[in-house]
1. Identify, please: which residue in segment 269-306 is touching a strand residue (DSSP E or B) at 6+ places or on another chain (Cβ under 8 Å) and among the polar types (S, T, N, Q) and is, among those, farthest from Asn344 (Cα to Cα)?
2. Return the residues of segment 211-229 that are in a loop (DSSP other than H, G, I, E, B) and either out of contact with any helix residue (DSSP H, G or I) (no Cβ under 6 Å at 6 or more places or on another chain) or of a type in the set (S, T, N, Q) (or both); say none if nothing qualifies.
3. Just one of the numbered conditions (1) closer than 30 Å to Arg194 by Cβ; (2) at pLDDT 85 or above; (3) open to solvent by 30 Å² or more (accessible area, probe 1.4 Å) is not true of Glu113; which one?
4. Quick one: which residue in Gly306, Gly329 is under 38 Å from the mean Cα position of the chain (by Cα) and not acidic (Asp, Glu)?
5. Considering only residues of segment 49-93 that are open to solvent by 30 Å² or more (accessible area, probe 1.4 Å) and not in a helix (DSSP H, G or I), which is nearest to Ala354 (Cα to Cα)?
6. Kindly provide the set of residues from segment 1-46 that are in contact with a Lys or Arg (Cβ under 8 Å, 6 or more places away or on another chain), free of Cβ contacts under 8 Å to residues at least 40 places away in the same chain and part of a helix (DSSP H, G or I), ordered by number.
7. So which residues in segment 428-482 are hydroxyl-bearing (Ser, Thr, Tyr), in contact with a Leu (Cβ under 7 Å, 6 or more places away or on another chain) and farther than 16 Å from Gly408 by Cβ?
8. Taking the condition of being over 44 Å from the mean Cα position of the chain (by Cα) and part of a helix (DSSP H, G or I), how many residues in segment 230-243 meet it?
Amino acid sequence: MIYVGRWTLITVVVAMIFGILFAAPNFIPEQTRASLPAWFPKTPMSLGLDLQGGSYLLLEVDIAGVRAERLDTIEGDIRLRFNQAQPRLGYTNLAIRNDEVTVTVTDPARIEEARLILNQLVNPGGAGAMLGLGVISEYEMTAGGNGTFTIRISPAFERQLANQTIAQSIEVVRRRIDELGTKEPSIQQQGADRILVQVPGLENPDELKRVIQQTARMNFRLVDETGDLGAALEGRIPPESELLYETGQLGEQVPILVQRRVMVAGDRLAQATGGFDQQRGIPVVNFRFDGAGARAFGEVTRTNVGRRFAIVLDDKVISAPVINEPILGGTGQISGTFTIQSANELAVVLNAGALPANLLVIEERTVGAELGADSVTAGTESALIGLALVIFFILISYGLFGAFASIGVMVNLLLLLAVMSLLQATLTLPGIAGIVLTLGMSVDANVLIYERIREEMRQGKTAISAIDTGFRRAMSAIVDSNITTILAALILFQLGSGPVRGFAVTLGLGIIISFFSAVMVTRVMIVLWMRRAKPKSINL
């Protein structure tokens, strides 16, 4: 005897209520949703870039710049260590050529001493970088016969450095976009050195580029007040200093000679917020250091009262105020030629962290709202047409039982929209294609059950016995077909990206929900009909 238990009936009713509540926000205008009771779900599905409109950027990570910075550091370390040797170690031809640092020791008697110094720089204390299960050397050094040494980045570490730079860049970009308050951004690696950024709902790519492209490498350095600024402007810059520029009140570029030594690094910043200077009434950025940064900042300001302290961001001096007194609280203020928007944007990028490399915009697109609306309309129409064709086919094939299956298909669509709204899954055009495919596949279970019932009836069984046997014996085939499709969706989600993942999400959820709607919902409807009609036979 076919029957449904009380808990099965309760489960179906609860699922229907859940589907109506959580799918409803997708069909209710925003103003109406705002006036609904607090307990009523108000969040519709998130729409992807192709449906909602927004900004699309393809960025290239400057891996060559990161490599050049590494070689620059080695070159500076060699100059410093050779000059600090007692007595000074003479050298010539210290330069970077073809991704290699070369230096020639002028005193043949001190070549071995130079080799020891360079070995300490290339491999300090035998340290290396972890790669897989082993340790690799970051640099390789070769020695020529005339006292010339050549240092280059090892190929294994160069590959690791590129992968690490890409991963760090993606994470920093994600944090910065999250600070903008946008929903469901898509940020993923494309190719060897590119990052694809899609931000639905953000129709101003200029704001996105300003926030993303700023490397935000901040540090605090003392101004070199003993150096000759005039000579530096003519190209004679002291080795321990660097010529940078500060933007003046009228937009002019003011040269400042700044020490190369970083007194406090920007990674010690714990928090940055945009605000106003209460006395001057100008936009500023307030910052706070972590414990170690606060101690270093306090010590620097305590021992250098009366000197100028440059705040350097991406090799530009934001401001260079005079240290009037020790700042021991670990807090400070950055002032300059800020607007309210630029102060807030700087606070965003400082909170998100510095980019490990520059990002170059390779491609830029803006998807307008009208295109998104057209896509939504076309996708909705295709889904409705697919639903209508499925229902038409199932009604022609199975009559009243086809009507039960059709109701199950509509319940499947309702629950799918509800689950996607609850999970805030992003709906894209490929996702709509997945929904349409799910609607076509959702009747598979019903077809297997109904065809099994037909076979049982041909063998002379009663209607009740045929239906009971059809549901039981078709179950293994239903499980097998659904599991294989779900596995395919999981593989697509794991290996795919962007549109492929959107298709996999809707397909996978749709298959799981279709199993429930076909087996449980349809079974409940058939049992309730049989209890009421008590048919002697069925026309299937």
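The values are calculated or read from the model by the stated rules, or taken from the named source; none is laboratory data. None of these values were measured; they are calculated from a predicted model. Cβ: placed from backbone, ideal geometry, glycine included. Neighbour counts: every protein chain shown. The protein model used for the area step is the full one, side chains on, heavy atoms only, and it has no ligands, DNA or RNA in it. Shrake-Rupley method; radii C 1.70, N 1.55, O 1.52, S 1.80 Å.
1. Residue satisfying both the conditions and the ranking: Asn304.
2. Scanning segment 211-229 gives Gln214, Thr215, Arg217, Asp224, Glu225, Thr226, Gly227, Asp228.
3. Every listed condition holds for Glu113 apart from (1).
4. Step by step, each of Gly306, Gly329 is checked, and only Gly329 is under 38 Å from the mean Cα position of the chain (by Cα) and not acidic (Asp, Glu).
5. Restricting to residues being open to solvent by 30 Å² or more (accessible area, probe 1.4 Å) and not in a helix (DSSP H, G or I), the top hit is Asp62.
6. Matches in segment 1-46: Arg33, Ala34.
7. First, the residues of segment 428-482 that are hydroxyl-bearing (Ser, Thr, Tyr): 428, 438, 442, 450, 462, 465, 469, 476, 481.
If we keep only those that are in contact with a Leu (Cβ under 7 Å, 6 or more places away or on another chain) too, we end up with 428, 438, 450.
Scanning segment 428-482 gives a single hit, Thr428.
8. Adding up the residues that qualify gives 2.
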